[in-house]
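The values are calculated or read from the model by the stated rules, or taken from the named source; none is laboratory data. Not measured: the values here are computed from a predicted model. All Cβ positions, glycine included, derive from the backbone under ideal geometry; neighbour counts span all protein chains shown.
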Amino acid sequence: MKNGLLLLVLVAMSACSSMGVEPWERDILAKDEMQLTTDAAEAATDDHIYFSKEASSGGRAFGGGGCGCN
């Protein structure tokens, strides 16, 4: 019983030990193909479309629209 409890505690304590990005992995995440918005002009166009539809404001950052649905 004690060995099982000790094993369970050790596994629980080490479960989150590898969270996050290591320094040697940051170069992969900094590549252009890993970015959320790769084309600034396309992102600006999308923001304008979201801003213009149904008199909504804030682009993608805000929910809802001019219809009063929220």
Checklist (1) at pLDDT below 80; (2) within 19 Å of the chain's Cα centre (by Cα); (3) not small (Gly, Ala, Ser) applied to residue 48, failing item: (2)
Check on residue 61, out of contact with any helix residue (DSSP H, G or I) (no Cβ under 8 Å at 6 or more places or on another chain) and either modelled with pLDDT under 70 or loosely packed, with under 10 Cβ neighbours inside 10 Å (or both): yes
